[in-house]
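These notes are about the structure you will find just below.
The values are calculated or read from the model by the stated rules, or taken from the named source; none is laboratory data. The structure displayed is predicted, hence computed values, not measured ones. Methodologically, a virtual Cβ is constructed for each residue, glycine included, from the backbone with ideal geometry; neighbour enumeration extends over all protein chains shown.
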Amino acid sequence: MKPTFSHLNFNGTDIWTMSPFLTLMVGILVLILCAAFCRKESFQRGWIISFITLGIALGTLFVASESQNLCLNHWLRCDSYAHVFSYFILCIGISVIVLTISDFTNEFYAFLLAGVFGLLLVAQAADFLTLFLGIETLSLSSYILCAYLKENRLAMESGIKYFLTGSVAAAFFLYGVALIYGATGTTQLSALRVNIESHSPNFYLLWGGLAFISVGLCFKAAIFPFHFYASDVYEGASNPVAAFITLGAKAGAFMALAEVFILFAPSPHPLFIQGIVFLSLITLIYANGVMIQQTRIRRFIAYSGISHAGFMLILIAVGTLEALSALESYVIMYASATWGVFACLNRHINDIADLQGLFYKYPLRANVLTVCLLTLAGIPPTWGFFAKFYIFKVAFESGFTLWVIVSLLTTLFSLFAYMRLISMLFTQKQKNITQEIG
Amino acid sequence: MMLPLLFLFLCPFCAAFFSWMIFPYLKRGVQVSAFFLSVLPLGILFFPWEGGMIGGEINKSLFPTYHIAFHLKVDSLAFLFLFLTTVITPFVVGISKPSSLCGVYYGFIFFLEGLLIGFFTASDLILFVVFWEAMLFPIYFLMIIFGGTQGDSHKVALRFLMYMICGSVLLIAAALSLYMTSSQRTFDVNLLAKYAEYSPYAIWICAIFLLSFAVKTPLFPFHGWLAETYTQASTGTTILLSALLSKAGVFGFLRIAYPLFPSLMKEFAPVLMGLALVGVIWGLMNAWMQPDFKRLVSYLSFSGVNFICVGLFSENILACEGALLQVFNHGITLTALFIVMGWLEKRVGNSVIEYYSGLSQKLPRLCYVTWVFVLATVALPGTGNFIGEFLILCGLFSTYKVVSVILGGCILMTVITLFQMMQKLYWGPPIPKKTSACQRDLQWKEMILIFPLGIAVFVIGLYPQPILNVILSICGANS
C-alpha cells in the first residue's frame, strides 16, 4: 500500500518513534551553529553537547513505541531487533566520544553525530532505500572524518581512498536494490519474502540483486577481496575516527547483512551459502596470515577487524535466529574489546614497537590492553572465547563442520599475532634494543 | 555438600584478586601473607566438612543457550589431584620472591591454582576445555614477566604457548562433535560417556583429545617445548609446569580418554605405551648428556611422567595404582629437586655442571638435602617412589615382561645420571677460586621449607596405605 497524504497526520506516538532521530538532528544543528558562531577556543566543547544529545537519544529510545502510522512504518521498523541495534549504536556513539575528549572542534562532533544518525537509520530500516540512506549518511560522514586532520598527508590519502572505494560499494548496493525491485516489485524488506513466494521472480534477477547487495555490504564490513582499503584508512585516520570506523562501519554493515539475509530474505540458495562460506574462509585465512606481519598498530587492528568480520560472516550463511543472537553477542564483544584497544592507544603510539615496555610505565593501560587483546584472541576465561564458542556451536549445528575446523586452525595464526603484541607490552626496553640490532 | 567445593574453587581466585589489588600497597610481609593465602585451599580440602569433600558437587546452568553447565564434582580421582595441587602451591609461593611486582607474581600463581582446581573438578566438557586452555596463560605471563635469567624468555614462552595451543586447538570441534552425537544435547562428561563411542568420528575425536593431553603431559614425540621452557622459566614456574601442569595431562587421560572411549583406548594402548616407553628412555638419555643441571632435571621430569604413562596405559590395575601413586610422588620429588637446583643456581650463579666441583665443602647442608631427594628420585626403598615404581613394574610384569625389564634398566640409568651429577657438583676436588665466590649455605628458613617435602617422601614410602586407599577407590570406580 502506498502512503497517502491522509496519513501525514502525525500524533504523539509517531513523534516518540522518531524522537531518537529528531534528538540527533537537533544536536547536529546545534553543533553546526556553534561551529559557525563560536569561533573562540573556549567554546570548543562539542563533546559535551554530543554527550547530552546521545544521552537524550538513549533516553527517548526507552520510551519510543511502535508507530501505527503507515507513512513512518513503511520506512522505519520498531521491532525488538531494531531496538537492540539502536541501543548498541548509541552506545558506540557515546564510547567513541569518550575517546575524543581532547582538542576536536565542533564540526568534528557534528559529523560524528551524523555518522551515528546514519547507523541508527541502518538499525531501524524497514526498506532498502532507508538502509541505503543510512549507509550513505554513515559513509559520507566517515569520509570527511577520515580526512579531517588536514595537515596530515596520510589522513588525506585515507579519506580519498575510503571515499573512492566506498562509492563503488554504494553503487553495488544500489544496483542490487534495483535488481531486487525489478524481480519482486518492492523495496520493502518485510514484503520481500511474501512477494517472492507470490510472484516467483526471475532467479538471476533476484539472487543477482542479493549478491550485489552482499558485495556492497562486504565492502563496508571489509571482507577479503573487498578489504584492500581498510588498512590504509585505519592507518591514516586519527585514533577516535579509526575507532568509529571500526566499530560503526563494521557494526552497521553486519546489522544490514543480518536484516537483509537473516530477518527478511528468503531461505538462501545453496550457491549463495557456498559463496558466503568461501568468502568467510578465505578472509579468515588471509587476514590472520597477514596480521602476523604487521608492524603498525592501526594496520594490525584493521586486519584483526577483517578476520573478525570473516568470522561473523558465517552466521549470515547459517541464517537462523540463533545465528542472529550469536552475531549480536559477537559484535558486542568485538566492539567493546576493540574500543578498549583504542582507548589504550594515543596518537604517539603508531608502531607496535612503541608499545614496548608499556607494562612497566603505565601498568593499568597495559593491563586493559592485555585483557582486550586476550578477548579478541578468544582466550578461554574471557568473553571472547564464549562468543566464539557460540558461533562455532551454531555453525556446527548447521553442518559447517569443515568451516569450524579450518577457522579453528586459523585462530592459531591470530593467537600468535595477538600474543606477540602482548609480549611486546611486557618486554623491558633497555635490554632488548641491542639484541634486536645484533 | 556444595559449599566446601565452592569455597575451594573460589578461594584461590579471591587470593589472586587480593594479591593483585592489595599487595602492591603492602610495604612488607608480602611473601608471608601470600604463603598463608596459599595454605588456605589445603586447609579447606582437609577441613572436616560435614559429609566430606569427596562427593561434593555443584551443578548450575551457566549459559543455558550454549547448554554449558557449571558442573564441578569431587571424586576420589579429583581428590588426589586436588591434594597434589594444594600441597605444591604453598611451596611454590614459599620458595620464590621476585625482586619486584610480587603481587602480580603471586596473583598469577593463585590464579593458576584456581584454574587447576576447576580443571580437576570439572564435569562439563566445555568447562573442562575452558580450564584446560586457560591454565596456559598464567604460566605464559609468569614466564614473560618473571622469566629466567638467560635472556629470550619471551620467545620461549611464545613457543610454549603455541605448542600447547596447536595441541588443543581442535578440542572445541571435538567437544561440539560429541555434543551433536549425544541425543540429549549435553556437555556433561558422565552422560557423554554413553554416546561418545558411537559417534561416527569417535576415532578422530579421541585422537584430538589424546593429542592435546599428550602435548601437555608431554608424551614422547611432543616434548619439543619442554627443556627450553623448564630452563627459561623461574624456579617457581618450572615447578608449576612439571609438578602440576604435566599432571593435568595425565588427569586428562584418566578423566576424558578412558571413560569416554574405553574400547578405543584399548586399541590405542599399545601404541601409547610404546611412545611412553620410548619417552622414558629418551628422557633419560637426554638427561645423561646434559651439561646443565636444570636441563638434566627437566629431562628427568619428562622421563618420570612417561614412566607414569607406561603404567597408566598398561591396562593393569596394579600398574595403574602404581601410576597414580607415582603421580603424587613425581610431583613431590620433582618439586623438591627443582627447588634445590634453584637454590644451587642462585648460589653459584649459573647452572653448568662442569663449572663447579667439590661444592659439598662449601654448601654441606644443601648437598645433603639434595642427596635426600636424589635418593628419593632413584626410588630408594623406603621412599614413596619405590612403592610407586615397584607397583608399576609388578603390574607390568604379568603382561608385558619385556617392558618391565626395560623399565627396570631405566631406573638404573636414573641412578647413574643423578649420581654422576652429584659426583661432579658436590664431590671431587674443590676448585678454590670458584667455590669461594658462592654464597652461604642453606638458612634455617629454607631448611624449614624443604623439610615437609622430605617428610612426605618418607611417609609415603613407609606408610602408603592412606593414599593407596584413595587410589584403590579410584581404580575400583573406573575398572
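In summary, helices (runs of 4 or more DSSP H) completely within segment B:295-384 and bearing 3 or more residues that are hydrophobic (A, V, I, L, M, F, W, C) and closer than 30 Å to B:ALA78 by Cα occur at B:317-348, B:364-377.
For A:TYR303, all conditions in the list (1) modelled with pLDDT under 90; (2) within 19 Å of A:SER407 (Cβ to Cβ) hold save one; what is the number of the exception? So A:TYR303 meets the others, but not (1). Is one or more of the residues making up segment B:45-63 under 15 Å from B:CYS11 (Cα atoms) and in contact with an Asp or Glu (Cβ under 8 Å, 6 or more places away or on another chain)? No; the residues of segment B:45-63 include none that is under 15 Å from B:CYS11 (Cα atoms) and in contact with an Asp or Glu (Cβ under 8 Å, 6 or more places away or on another chain). Number of residues in segment B:159-170 that are under 23 Å from B:GLY114 (Cα atoms) and at the interface with chain A (Cβ under 9 Å from one of its Cβ atoms): the value is 4. Being closer than 20 Å to A:PRO270 by Cα, surrounded by fewer than 19 Cβ atoms within 10 Å (Cβ to Cβ) and more than 18 Å from the chain's Cα centre (by Cα) is the requirement here; does A:PHE203 meet it? Taking the combined requirement at face value, the residue satisfies it.
Of the residues A:VAL241, A:VAL233, A:VAL215, which is part of a helix (DSSP H, G or I), crowded, with 24+ Cβ neighbours inside 10 Å, β-branched (Val, Ile, Thr) and in contact with a Gly (Cβ under 9 Å, 6 or more places away or on another chain)? None of the other options fit; the residue is A:VAL233.
Considering only residues that are of a type in the set (S, T, N, Q) and without any contact (Cβ under 8 Å) to a residue 60 or more places away in the chain, look in segment B:150-181 and name the one that is nearest to B:PHE108 (Cα to Cα). Among those residues, the one meeting the criterion is B:SER168. Among residues that are under 29 Å from B:PRO466 (Cβ atoms), assigned to a helix (DSSP H, G or I) and at pLDDT below 90, B:ALA257 is included.
Evaluated against (1) out of contact with any Gly (no Cβ under 8 Å at 6 or more places or on another chain); (2) within 14 Å of chain A (Cβ to nearest Cβ); (3) surrounded by fewer than 22 Cβ atoms within 10 Å (Cβ to Cβ); (4) assigned to a helix (DSSP H, G or I), B:PRO200 falls short on exactly one condition, (4). Applying the criterion of at least 3 residues that are modelled with pLDDT of 90 or more and within 14 Å of chain A (Cβ to nearest Cβ) to the helices (runs of 4 or more DSSP H) found wholly in segment B:75-152 leaves B:102-121, B:125-134, B:136-146. Of A:GLY159, A:GLY182, A:GLY209, all but one fail to be part of a helix (DSSP H, G or I) and surrounded by fewer than 20 Cβ atoms within 10 Å (Cβ to Cβ); the exception is A:GLY182. Take B:SER38 and decide whether it is farther than 30 Å from B:LEU176 by Cβ and of a type in the set (S, T, N, Q). Against the criterion (farther than 30 Å from B:LEU176 by Cβ and of a type in the set (S, T, N, Q)), B:SER38 qualifies.
Could you tell me whether segment A:120-132 includes any residue that is within 24 Å of A:LEU257 (Cα to Cα) and β-branched (Val, Ile, Thr)? Within segment A:120-132 (the criterion being within 24 Å of A:LEU257 (Cα to Cα) and β-branched (Val, Ile, Thr)), the answer is yes, since at least one residue qualifies. For segment A:49-72, which residues satisfy the criterion of being among the hydroxyl-bearing types (Ser, Thr, Tyr) and either free of Cβ contacts under 8 Å to residues at least 40 places away in the same chain or part of a helix (DSSP H, G or I) (or both)? Residues satisfying the conditions are A:SER50, A:THR53, A:THR60.
Restricting attention to segment B:86-107, the residues that are of a type in the set (Phe, Trp, Tyr) and surrounded by fewer than 24 Cβ atoms within 10 Å (Cβ to Cβ) total 1.
Here is a yes/no grid of residues against (1) in a helix (DSSP H, G or I); (2) surrounded by fewer than 22 Cβ atoms within 10 Å (Cβ to Cβ); (3) in contact with a His (Cβ under 7 Å, 6 or more places away or on another chain):
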{"site": "B:VAL156", "(1), (2), (3)": "yes, no, no"}
{"site": "B:LEU161", "(1), (2), (3)": "yes, no, no"}
{"site": "B:MET164", "(1), (2), (3)": "yes, no, no"}
{"site": "B:ILE172", "(1), (2), (3)": "yes, no, no"}
{"site": "B:ARG185", "(1), (2), (3)": "no, yes, yes"}
{"site": "B:ALA193", "(1), (2), (3)": "yes, yes, no"}
{"site": "B:PHE213", "(1), (2), (3)": "yes, no, no"}
{"site": "B:TYR230", "(1), (2), (3)": "yes, no, no"}
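Of everything in segment B:63-72 that is free of Cβ contacts under 8 Å to residues at least 60 places away in the same chain and in contact with a helix residue (DSSP H, G or I) (Cβ under 8 Å, 6 or more places away or on another chain), the residue that is farthest from the other protein chains (Cβ to nearest Cβ) is B:PHE70. On the given criteria, is A:PHE173 in a helix (DSSP H, G or I), among the hydrophobic types (A, V, I, L, M, F, W, C) and modelled with pLDDT of 90 or more? Here the answer is yes, as A:PHE173 does meet what is asked. Only one residue in B:ILE392, B:ILE387, B:ILE431, B:ILE416 is modelled with pLDDT of 90 or more, exposed (fewer than 15 other Cβ atoms within 10 Å of the Cβ) and of a type in the set (A, V, I, L, M). Which one? Unique residue meeting the criteria: B:ILE416.
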